Amino acid sequence: MISTNTIDTTSSSKWDKLPAAVVLVRYGVVPQVARFAAPDEVVEAIAERQLHGRRVVVDTDRGTEIGHLLELVRNAVVSDDKAMTGQVLRLSTSADEDRFVGNRRNADREFFDWQTRVQDWGLKVQLIDLEWTLDQKNLILYVLNGQNAETTRLALLAAAAGLGIVHVQPVQADGIVQQTSGGGCGGEGCGSGDCGS
């Protein structure tokens, strides 16, 4: 499934110029595939190498993440029906890879604590995985549940407990549940399970 989470291509100054190319990237512990703008320097670098599977750092609606390049989308035009999720920032470096591995280790260690919190808070969601964004600014909690009040409540309780910016990502048997816009609590996207401290 290709993600429908998109960035606003009309209001951001970084989108004043059309990207050199659009690429498909798979990202996230529970993977999703989305279109990303690729700047000239990335397009030049991937043109000289095998494209498929090359790891890149991308800017998503959840933060900075590592993803796998899948395909260069030819003749892609930025439009409402072919919107992009974010931008490829760079090819992944060894420092990015080390940070990614460290973040994965931290997420594995923190999983039990988050399961306990969910249980103690009496939430009717099942935590199935978690991951940190590459810059460690956002925590993504994957829960087996549809998008409902419980996912929003989890994000609100995490923020109230001072646990940082938490993005609650519902998952179903066929993959990621696409978020809808909306929200409150003074933060962007809180109604879709995303709250910050």
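The values are calculated or read from the model by the stated rules, or taken from the named source; none is laboratory data. Because the structure is predicted, anything quoted here is derived from the model rather than measured. Cβ coordinates were reconstructed from backbone atoms using ideal geometry, including for glycine residues, and neighbour counts include every protein chain displayed.
Within region 160-168, is there a residue that is assigned to a helix (DSSP H, G or I) and modelled with pLDDT under 95?
So in region 160-168, the residues assigned to a helix (DSSP H, G or I) come out as 160.
From what's left, modelled with pLDDT under 95: 160.
Yes: region 160-168 contains one or more residues that are assigned to a helix (DSSP H, G or I) and modelled with pLDDT under 95.
Can you list residue pairs whose Cβ atoms sit under 8 Å apart, with the first residue in region 102-126 being more than 20 Å from P170 (Cβ to Cβ) and the second being aromatic (F, W, Y)? Count only pairs 6 or more apart in sequence or on different chains.
N103/W132; N106/W132
Name the residues in region 128-159 that are among the polar types (S, T, N, Q) and either closer than 16 Å to Q32 by Cα or part of a strand (DSSP E or B) (or both), would you?
Across region 128-159, the qualifying residues are T133, N138.
Return yes when D108 is at pLDDT below 90 and surrounded by fewer than 19 Cβ atoms within 10 Å (Cβ to Cβ) and no when it is not. Steps first, answer last, please.
Values: at pLDDT below 90: no; surrounded by fewer than 19 Cβ atoms within 10 Å (Cβ to Cβ): yes.
Answer is no for this residue.
Mind checking which residues of region 65-105 are at pLDDT 80 or above, assigned to a helix (DSSP H, G or I) and loosely packed, with under 15 Cβ neighbours inside 10 Å?
Scanning region 65-105 gives S94, A95, E97, D98, V101, G102, R104, R105.
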